[in-house]
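Student: Quick one: the structure is below, questions incoming.
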């Protein structure tokens, strides 16, 4: 009876623990094997990530616009459109995007022109130091010509 109690109380729980430990070791070994199979893919991607950006991609330091300069945004977009050989249809700063603690202003713009000139426009937008990100970009073909709709987030202070 005492021998049976020792087996039930001491040996049986430890054997169950050993079984669980062996199962988790096998799971970990399977995970390691799977991860080793991804090393040939992961290593070049990691190297590419650590390399610097190509010279054709400029990374500007973000310099926020002053709140007073928001009124001049249509003129700025008009100048960019003119330099890019597209016609500015509308520029709409979204005042609701200023709610909360965000220091970003969303500006929606519509432009019309040749399809190939839109890449010039995007390059010029990239040169603007206040552009935080481009939220959306759509090109539509209408009976008036090719039209681009663009939503841009600008940093403000």
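All of the numbers you see were taken from the coordinates with simple rules; none came from a lab. Just so we're clear, the structure is a prediction, and the values are computed from it rather than from any experiment. FYI the Cβ positions are ideal-geometry reconstructions off the backbone, even for glycines, and counts take in every protein chain you see.
Student: Kirkwood Rh and Cα-based Rg: tell me the resulting Rg over Rh for the range 1-51, rounded to two decimals.
Tutor: 1.50
Student: Further question on the same structure: If I take R0 = 41 Å and measure r between the Cβ atoms of residue 25 and residue 51 in this structure, what FRET efficiency does the formula 1/(1 + (r/R0)^6) give, to the nearest 0.05?
Tutor: After rounding to 0.05, the efficiency reads 0.60.
Student: Using only Cα atoms, find the angle between the long axis of helix 73-83 and the longest principal axis of the chain, and express it within 0 to 90 degrees, rounded to the nearest 10.
Tutor: 80
Student: What number results when the radius of gyration of the chain, computed over Cα atoms, is divided by 2.2 N^0.38 Å?
Tutor: With N residues counted in the chain, Rg over 2.2 N^0.38 Å equals 1.98.
Student: Helix 12-50: angle to the longest alpha-carbon principal axis of the chain, degrees 0 to 90, nearest 10?
Tutor: The angle comes out near 30 degrees.
Student: For the chain, find the longest principal axis of its Cα atoms and tell me its angle to the long axis of helix 118-127, 0 to 90°, nearest 10.
Tutor: 70
Student: Nearest 500 deg cm²/dmol is fine: what mean residue ellipticity at 222 nm does the chain get from its DSSP H runs of n ≥ 4 alone, each adding -39,500 (n - 2.57), divided by its residue count?
Tutor: Computed ellipticity for the chain at 222 nm equals -14000 deg cm²/dmol.
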